[in-house]
Amino acid sequence: MIEALMQYEFMHNALWAGLLAAVACGIIGTYVVVKRMTFISGGISHASFGGIGLGYYLSHYISWMTPVIGALIFTVASALGIGMVVRRSKLTEDTAIGIMWSLGMAIGIIFIGITPGYIISDLFGYLFGNILIVPISDIIMMIVLDAIIIGVVILLYKEFFALSFDQEFSTAAGIPTERLYLILLGLIALTVVLLIRVVGIILVIALLTIPSATARQYTHSMKNMMWLSILIGMASVIGGLRLSYELDIASGATIILFSAAIFTISTIFTRLCRHRTHSEAISTD
Amino acid sequence: MTDEVIRLDDVWLYYDGMPALEGINLSLYRDDFLGIIGPNGGGKTTLLRLLLGLVKPSRGRITILGEPPNKGRKYMGYLPQRSLFDSDFPASVMEVVLMGRLGHTALFRRYNSADRDAAIEALKRVGMLEHKDQQIGKLSGGQQQRVFVARALASDPEILLLDEPMASVDTPMQAGFYELLESLKRKMTIVMVSHDIGVVSAYVDKIACLNRRLYYHGTKDLTKHDLEEAYQCPVDLIAHGMPHRVFEEHKDQ
């Protein structure tokens, strides 16, 4: 009885964590998809492993340090760093991203390795997510990060919209696109950190793209796309958690598979509809 | 009125040590309509980007209504050569035109009713108002181009920069586009870049030829010598159906 309740309590936190992650994913994922920032988002999420490792190591020496706080600082810094390097140097963007991607991972592996008494399952949890052991402190952090993301996007909605559509024109129109782009990268970094607990570093990119890519099939409005992505993300979390519980399989991966299934069905469905209206249009001609 | 609107003093631009523009001097006055022709890669688009402050000159000075380009942007409407965006980008025509108002609306603020009125006015001017709620990617290339002209006009610019405006306009829509140009003439200063000498000569008041150097005499006349220098090859002066003569008669030698 107590065990079952404990189980329920864990599921409770897991569900909250998943839903909070879906909010950030829906909003920022929409920008990632329409502005084609998947690769840089992948770079940012993998680089975050460096922060996890640093935080893991330093938490033995600094009392307030945790892997997640380490990831937060390191990921935002590397996102801004990569944004500036790409703008200021002659390095092409994809090369710079590739370097950041692997450098972050390498730093993470080394620091976790030299941490006294490290546990291999911890490492696994950060790489592939461990939503079932989300502590309440992480939930609070997720609420704060969601609030920051929502606040910034409301304030800078029209600027981010223009930036996504046509960066050069937006600069010519007189908005500070370089700084806005860095802010957007910073928000991607926050979203990545929010997602690490839920699906892990390796799978972050899936939740940043799949719900928004699905939503895009149904709407021509960016705001609606955000709302719909949030709902699809939430459905994926609830469905995936439920399924992973029933089948006793990895929750993060199940959430991803669930969202991919929604995307696949939706793609087939919208294709069929389009085909149908198309052939109807032909037959009425 | 002879207010100087655009001024370039000995402007040079280097890319990787190679000169892209050499010693450009140019003065444009209120309501001038300048056409810039020249071979591909001659720096036409780069010159517009300099005016907008998107690139900085390696040497020399540019002033837009007495201010440096990045401050002068607010006076300018810009039609880029092409806007690359995904055809299913979630943006309506109205949302695209409103982007023209970015420089007039403070950061953090939403577009207000004045912005919307200006956008609607601009859409009327290009005859695209009935499409305002359509998704931009679903329009034809010519219609999109009209929307982008509306976006450039939405800021009520004093200077309009057009980069190859005819490039993506289909033939049936070109006549309408010429009318639009006529209606804008003498209401604002216009700089139009085009590789199409015929189009340029028919509509503009002044012509310059650009190939790293600018060949410009403040008039509509270009000498055969100028053109040959700019294009680096003998230029055929025969052009069909041009309403106006572009070139001086070949007198010398």
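The values are calculated or read from the model by the stated rules, or taken from the named source; none is laboratory data. All values derive from a computational prediction rather than experimental measurement. Cβ sites come from the backbone with ideal geometry, for glycine too, and all protein chains shown count toward neighbours.
Would you point out which residue out of B:D117, B:D133 is over 16 Å from A:F169 (Cα atoms), in a loop (DSSP other than H, G, I, E, B) and modelled with pLDDT of 90 or more? Walk me through it before giving the result.
Values: B:D117 fails: in a loop (DSSP other than H, G, I, E, B).
B:D133 is the lone residue from the list that is over 16 Å from A:F169 (Cα atoms), in a loop (DSSP other than H, G, I, E, B) and modelled with pLDDT of 90 or more.
Within the bounds of segment B:93-105, is there any residue that is at pLDDT below 90 and more than 8 Å from chain A (Cβ to nearest Cβ)?
Step one: filter segment B:93-105 for residues at pLDDT below 90, giving B:103-105.
Still in the running and more than 8 Å from chain A (Cβ to nearest Cβ): B:104.
Checked segment B:93-105: at least one residue is at pLDDT below 90 and more than 8 Å from chain A (Cβ to nearest Cβ).
If you go through segment A:68-92, how many residues are under 20 Å from A:V204 (Cβ atoms) and crowded, with 18+ Cβ neighbours inside 10 Å? Reasoning before the result, please.
Within segment A:68-92, the subset under 20 Å from A:V204 (Cβ atoms) is A:68-83.
With the extra rule that they be crowded, with 18+ Cβ neighbours inside 10 Å, the set shrinks to A:68-72, A:74-76, A:78-79, A:82-83.
Number of matching residues: 12.
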### Query
So which residues in segment B:49-68 are touching a Lys or Arg at 6+ places or on another chain (Cβ under 8 Å) and either within 11 Å of chain A (Cβ to nearest Cβ) or of a type in the set (S, T, N, Q) (or both), if there are any at all?
B:L52, B:G53, B:V55, B:T63
### Task
Check off (1) within 14 Å of another protein chain (Cβ to nearest Cβ); (2) touching a residue at least 60 places away in the same chain (Cβ under 8 Å); (3) touching a Pro at 6+ places or on another chain (Cβ under 6 Å) for A:H220 and give me the number that stays unchecked.
(2)
### Cross-chain or 6+ apart pairs with Cβ under 6 Å, segment A:154-166 first and more than 7 Å from chain B (Cβ to nearest Cβ), then β-branched (V, I, T)
A:L163/A:T177; A:S164/A:V34
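So is A:I148 modelled with pLDDT of 95 or more, closer than 30 Å to B:L98 by Cα and surrounded by fewer than 21 Cβ atoms within 10 Å (Cβ to Cβ) or not?
Details: modelled with pLDDT of 95 or more: yes; closer than 30 Å to B:L98 by Cα: yes; surrounded by fewer than 21 Cβ atoms within 10 Å (Cβ to Cβ): yes.
Criteria met by A:I148.
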### Query
Hey, any hits in segment A:8-24 for a residue that's in contact with a Ser or Thr (Cβ under 7 Å, 6 or more places away or on another chain) and at pLDDT 95 or above?
yes
### Query
What tally of residues in segment B:13-25 results from selecting those that are over 20 Å from the mean Cα position of the chain (by Cα) and hydrophobic (A, V, I, L, M, F, W, C)?
1
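Name the residues in segment B:92-125 that are of a type in the set (S, T, N, Q) and under 16 Å from A:F160 (Cα atoms), would you?
Restricting attention to segment B:92-125, the residues satisfying the condition of being of a type in the set (S, T, N, Q) are B:92, B:105, B:112-113.
Passing the criteria: B:S92, B:T105.
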### Message
What's the number of the only condition in (1) surrounded by 20 or more Cβ atoms within 10 Å (Cβ to Cβ); (2) outside any loop (DSSP other than H, G, I, E, B); (3) touching a Phe, Trp or Tyr at 6+ places or on another chain (Cβ under 8 Å) that B:Y178 fails to meet?
### Response
(1)
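Take the residues in segment B:113-136 that are within 11 Å of chain A (Cβ to nearest Cβ) and farther than 20 Å from B:F177 by Cα, then tell me which one is surrounded by the fewest Cβ atoms within 10 Å (Cβ to Cβ). Before the answer, list the steps.
Quick first cut of segment B:113-136, residues within 11 Å of chain A (Cβ to nearest Cβ) only: B:115, B:133-136.
Filter again for farther than 20 Å from B:F177 by Cα, leaving B:115, B:133-135.
Working: B:D115: 21, B:D133: 11, B:Q134: 16, B:Q135: 19.
Checking each candidate, the answer is B:D133.
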### Message
Condition first: touching a residue at least 24 places away in the same chain (Cβ under 8 Å) and in contact with a Phe, Trp or Tyr (Cβ under 6 Å, 6 or more places away or on another chain). Can you find one or more residues in segment A:61-71 that meet it?
### Response
yes
### Message
Please verify whether B:F108 is exposed (fewer than 14 other Cβ atoms within 10 Å of the Cβ), at the interface with chain A (Cβ under 9 Å from one of its Cβ atoms), touching a helix residue (DSSP H, G or I) at 6+ places or on another chain (Cβ under 6 Å) and more than 20 Å from B:L160 (Cβ to Cβ), treating the condition exactly as stated.
### Response
yes
### Query
Which of the residues spanning segment A:21-39 are surrounded by fewer than 24 Cβ atoms within 10 Å (Cβ to Cβ) and more than 14 Å from chain B (Cβ to nearest Cβ)?
A:V23, A:F39
#### Entry: Residue check for A:G186: more than 29 Å from B:S155 (Cα to Cα), over 19 Å from the mean Cα position of the chain (by Cα) and among the small types (G, A, S)
no
### Query
Of the residues that make up segment A:192-214, is at least one farther than 23 Å from A:H46 by Cα, within 14 Å of chain B (Cβ to nearest Cβ), in contact (Cβ under 8 Å) with a residue 40 or more places away in the chain and crowded, with 20+ Cβ neighbours inside 10 Å?
yes
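Considering only residues of segment B:11-42 that are of a type in the set (G, A, S) and within 20 Å of B:G60 (Cα to Cα), which is surrounded by the fewest Cβ atoms within 10 Å (Cβ to Cβ)? Step through it out loud before you land on a result.
Going through segment B:11-42, the residues of a type in the set (G, A, S) turn out to be B:17, B:20, B:23, B:27, B:35, B:38, B:41-42.
Narrowing further to those that are within 20 Å of B:G60 (Cα to Cα): B:17, B:20, B:23, B:27, B:42.
Details: B:G17: 6, B:A20: 18, B:G23: 15, B:S27: 14, B:G42: 24.
Among those that are of a type in the set (G, A, S) and within 20 Å of B:G60 (Cα to Cα), it is B:G17.
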